[in-house]
1. How much length would be gained if the chain were fully extended between TYR414 and ARG162, taking 0.36 nm per residue of separation minus their Cα-Cα distance, in nm to one decimal?
2. At what distance in angstrom do the alpha carbon centres of the stretch 420-464 and the stretch 284-324 lie from each other?
3. For the chain, what's the relative contact order in percent, using C-alpha pairs closer than 8 Å and at least 6 residues apart?
4. Hey, can you grab everything whose amide H is under 5 Å from the amide H of GLN123? Only 5+ residues off in sequence or another chain; H modelled, so Pro and N-termini drop out.
5. How much of the DSSP beta bridge set in the chain is antiparallel, as a percent to the nearest 5?
6. With a 1.4 Å probe and every protein chain kept in, tell me what percent of the accessible surface of the chain is carbon plus sulfur.
7. Under a Cβ-Cβ cut-off of 15 Å, what is the net charge of the residues other than LYS345 that fall near it, where Lys and Arg count +1 and Asp and Glu count -1?
8. Show which lysines lie in cross-link reach of LYS2 when reach means a straight Cα distance below 22 angstrom and same-chain residues fewer than eight apart are skipped.
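The values are calculated or read from the model by the stated rules, or taken from the named source; none is laboratory data. These figures come from a predicted structure and were not determined experimentally. Backbone-built Cβ (ideal geometry, glycine too); neighbour counts: all protein chains shown. Just the protein is used for accessible areas: all its heavy atoms, side chains included, with ligands, DNA and RNA removed. Shrake-Rupley method; radii C 1.70, N 1.55, O 1.52, S 1.80 Å.
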Amino acid sequence: MKTLPKDFLWGGALAAHQFEGGWNQDGKGPSVIDVMTAGAHGVPREITETIEEDKFYPNHEAIDFYNRYKEDVALFAEMGLKCLRTSIGWTRIFPKGDEAEPNEAGLQFYDDLFDELLKHNIQPVITLSHFEMPLHLAREYGGFRSREVVQHFVRFAEVVFRRYKNKVKYWMTFNEINNKMDTDNPLFLWTNSGVTVREGENAREVMYQAGHHELIASALAVRKGKEINPDFQIGAMVSHVPVYPYSSNPADVMLAEELMRERYFFPDVHVRGYYPSYVLQEFKREGYNIVFEEGDDEILRNGTVDYLGFSYYMSTTVKSDKEVEQNTNITNGGMAQSVENPYIKASDWGWSIDPVGLRYTLNRFYDRYQIPLFIVENGFGAVDHIEEDGSIHDPQRIDYLRSHVEELKKAVTYDGVDLLGYTPWGIIDIVSFTTGEMKKRYGMIHVDRDNEGNGSMERSKKDSFVWYQNVIASDGEKL
Ligand code: BGP
């Protein structure tokens, strides 16, 4: 086969908190991200105790998709998208997370959105939790450090599975569930799990306990989903930044192999249904007390996923003799031992540009799991310039996307990888997750909105809009 299959899911990826806005509209409650201010490249976002009047919260209005969704879906349809990946804002459905009954206005919004997408033959691909846990669950229960939160997540999943069982086929449970393994950056444990590490606690031990509860929650949700609609395809979703050895020095090669376990732990459990020995050995070696309940092994074994979704932006390179204190490479997917890779360049935000790494990742994952894969994030964050005539030329973004599509095509047509689809991240300009900025733009559609919340919110097409329209129309032939 020389070309991608006709039913290949060309799409775009988004997340409720980064583009919907309407943060407290129609009964929606505050999520963990709604108390986060804007940071900047290299400047971390602040987690405030409450919503402070004198601070700017970029996710509150975002790009106001909540009130403009018909206009934006029409643009996605014009682009020719076959699917749209986005998340259901957990706090639109359960404002606090532990209510007995869901918020009907929230459920109705997603009914309307999915109807609008399906009217244009665009399949919704839905993430259940994309860093949008109810703030109440984080503050009152300690987020996923508490086993009780498992049932609240599964309840949320059941309600939306039932409500949209005839509108949504593809689901995924937790977005980038593995981000929190970078425990040097509190952003990830907070947004992934609603957890902050307390005085005297071991961050990695806390992370593993929260991660265990999420893995249990995911497995229970998969089982529940399959009961509701056996045709559901429910995936896991991990962030993947492959780790290369700096040289053929066996010490570099073995360090890269060990650090790849940081990337493999969560997908191993999601896909295989049991804990890998290298993590169980770590628990013993470090004396971590991770509480497993009676029956957890069976839950994991019976709740494995149908496909593995993952984000791919960059690779990282490690050197075994690098002196390290703390991991200062967090924002570019790096490790404490990461060094510059002399063979590849980086974006303005320091994210390496490595399209071959995507083909390498597809092969490593497919070889390890032998289940369908789904690239649900890939993109190039950059500052865009608007010309006098209003046009926006974004050749760097087109080059980045073109080179990654070329590599995914090789993985499918030459290496034989079973790939469901490709949904580039931020199909329309949205709020950056790690920095809270608007100026780190991924979109093929520009939004007139700046870092401080100024602008008309007007949408306009970039050159990459037409480029991607042609890619989809030609089934990936016209690049
Ligand atoms: C991933 C998240 C997305 C998205 C992406 C780009 O971690 O799943 O939500 O934000 O990163 O990151 P950023 O927006 O910080 O450039």
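1. Residue separation times 0.36 nm, minus the Cα-Cα distance, leaves 86.8 nm.
2. Rounded to whole Å, the Cα centres lie 31 Å apart.
3. 17
4. CYS83, LEU84
5. Numbers: 10 of 44 bridges.
Roughly 25 percent of the beta bridges in the chain run antiparallel, per DSSP.
6. 47
7. Net local charge, LYS345 excluded: -3.
8. LYS82, LYS409, LYS410, LYS478
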